[in-house]
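K.L.:
This is the structure, below, for whatever I ask next.
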Amino acid sequence: MPESQQSTLAVAQLFGLSGKTALVTGGSSGLGLIMAETLLRAGVRVVIASRKQDKCDEALARLQPLGDCQALAADVTQPADRQRLHDFLQQQFADAGLSILVNNAGANWGAVIEDYPDEAFAKVMNTNVNAVFSLTRELLPLLSRAASAQDPARVINIGSMDGLQVPIVQRVPTFAYSASKAALHHLTRTLAVDLGPRHMTVNAVAPGFFQSRMTDHVLREFGDDIAADSPMGRAGQPEEIAGVLVYLASRAGAYTNGAVIPVDGGTHVSKGSRPWMADV
Ligand SMILES: NC(=O)c1ccc[n+]([C@@H]2O[C@H](COP(=O)([O-])OP(=O)(O)OC[C@H]3O[C@@H](n4cnc5c(N)ncnc54)[C@H](OP(=O)(O)O)[C@@H]3O)[C@@H](O)[C@H]2O)c1
């Protein structure tokens, strides 16, 4: 290797992930699938987990040619399923432990307040907050095994721009989703303080709109409004979620802890753009 690439400040050293291990919950579609693919392409051994076996199989067919990828059908809100997931990871990564936990599985529900069921509110909170806490706690021994002062284990929670500001663009209120993502952002900070001394970082990414099953309808119906809402004038692209993941998982991100990083083109800062600047 040329001397220029051996420096700790060389880009390959800063952002390399080869040899690490990862779990991506909800890795069978949307942002989770993008992140699983990114990690595999970087030489990470990856396990994905989501509820439906057929979606896991479909994702595996796409991911396995890219590297060492396994899937387990598991519902992160179910204690028995989380135990199976723990045991599966223990078996897959017995040597290395778990370097990267991406808590990405998420649920949403939209309805006007009079029609918003308690059950839906509870399900969204349970998936987006409670399950993240429980799974992280249950995987601590595996994360610990991969953690060191120089190279901490990483917990990366997928929050949302909706946890930073109240969304209106989709025309239907998402009470539980917004509340759950705000809670997840603060849970991230709380965990970061607790786990930092144990050589684990905990950060959250707060994406704006990206194409996925969850946002398909909204982007189709209100794509122009979403673009107009953003200083960048568009939704996010896969590489733009991949980039922040690589940063948080790599040497470059090892001292970033308790951060909530918006990846939304600046929508959380200001609605819309300055059209008179577009031609400058
Ligand atoms: N796309 C965006 O614009 C956007 C913006 C902000 C935040 N996010 C967040 O990004 C994350 C991924 O969402 P997405 O947009 O990629 O949506 P998506 O395509 O619908 O993906 C959601 C994934 O989570 C899995 N899942 C749902 N509930 C689960 C459970 N209880 N246990 C295990 N897996 C479960 C789904 O698979 P199964 O159905 O097989 O379980 C699926 O793989 C979510 O946390 C979402 O809130 C997305």
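The values are calculated or read from the model by the stated rules, or taken from the named source; none is laboratory data. Not measured: the values here are computed from a predicted model. Every residue, glycine among them, receives a Cβ derived from its backbone with ideal geometry; neighbour counts consider all protein chains shown.
K.L.:
Every residue in segment 97-119 that is within 13 Å of the ligand (Cβ to nearest atom) and in contact with a helix residue (DSSP H, G or I) (Cβ under 7 Å, 6 or more places away or on another chain), please.
P.N.:
Val102, Asn103, Asn104, Ala105, Gly106, Ala107, Asn108, Trp109
K.L.:
Another question, if that's okay. On the given criteria, is Val260 touching a His at 6+ places or on another chain (Cβ under 6 Å) and farther than 17 Å from Ser99 by Cα?
P.N.:
Against the criterion (touching a His at 6+ places or on another chain (Cβ under 6 Å) and farther than 17 Å from Ser99 by Cα), Val260 qualifies.
K.L.:
Do we have Ala94 as within 14 Å of the ligand (Cβ to nearest atom) and either surrounded by fewer than 16 Cβ atoms within 10 Å (Cβ to Cβ) or more than 17 Å from the chain's Cα centre (by Cα) (or both) here?
P.N.:
Spelling it out, it is not the case that Ala94 is within 14 Å of the ligand (Cβ to nearest atom) and either surrounded by fewer than 16 Cβ atoms within 10 Å (Cβ to Cβ) or more than 17 Å from the chain's Cα centre (by Cα) (or both).
K.L.:
So which pairs qualify, if the first residue must be in segment 117-129 and buried (at least 17 other Cβ atoms within 10 Å of the Cβ), the second must be of a type in the set (A, V, I, L, M) and part of a helix (DSSP H, G or I), the Cβ gap must be under 7 Å, and the two must be at least 6 apart or on different chains?
P.N.:
Ala120/Ala176; Phe121/Ala176; Val124/Ala176; Met125/Ala176; Asn128/Leu184; Val129/Ala183; Val129/Leu184; Val129/Leu187
K.L.:
Same structure, new question: Select from segment 31-55 the residues that are surrounded by fewer than 22 Cβ atoms within 10 Å (Cβ to Cβ), part of a helix (DSSP H, G or I) and within 10 Å of the ligand (Cβ to nearest atom) and list them in ascending order.
P.N.:
Within segment 31-55, Gln53, Asp54, Lys55 qualify.
K.L.:
Now a separate question. Across segment 142-171, which residue is nearest to Leu85 (Cα to Cα) among those that are free of Cβ contacts under 8 Å to residues at least 24 places away in the same chain and surrounded by fewer than 17 Cβ atoms within 10 Å (Cβ to Cβ)?
P.N.:
Val166
K.L.:
Could you please let me know if Leu101 is in contact (Cβ under 8 Å) with a residue 40 or more places away in the chain and either assigned to a helix (DSSP H, G or I) or under 29 Å from Ala182 (Cα atoms) (or both)?
P.N.:
Judged against the criteria, Leu101 is a match.
K.L.:
Also: Quick one: is Gly67 modelled with pLDDT of 95 or more, on the phi > 0 side of the Ramachandran plot and surrounded by 15 or more Cβ atoms within 10 Å (Cβ to Cβ)?
P.N.:
It is true that Gly67 is modelled with pLDDT of 95 or more, on the phi > 0 side of the Ramachandran plot and surrounded by 15 or more Cβ atoms within 10 Å (Cβ to Cβ).
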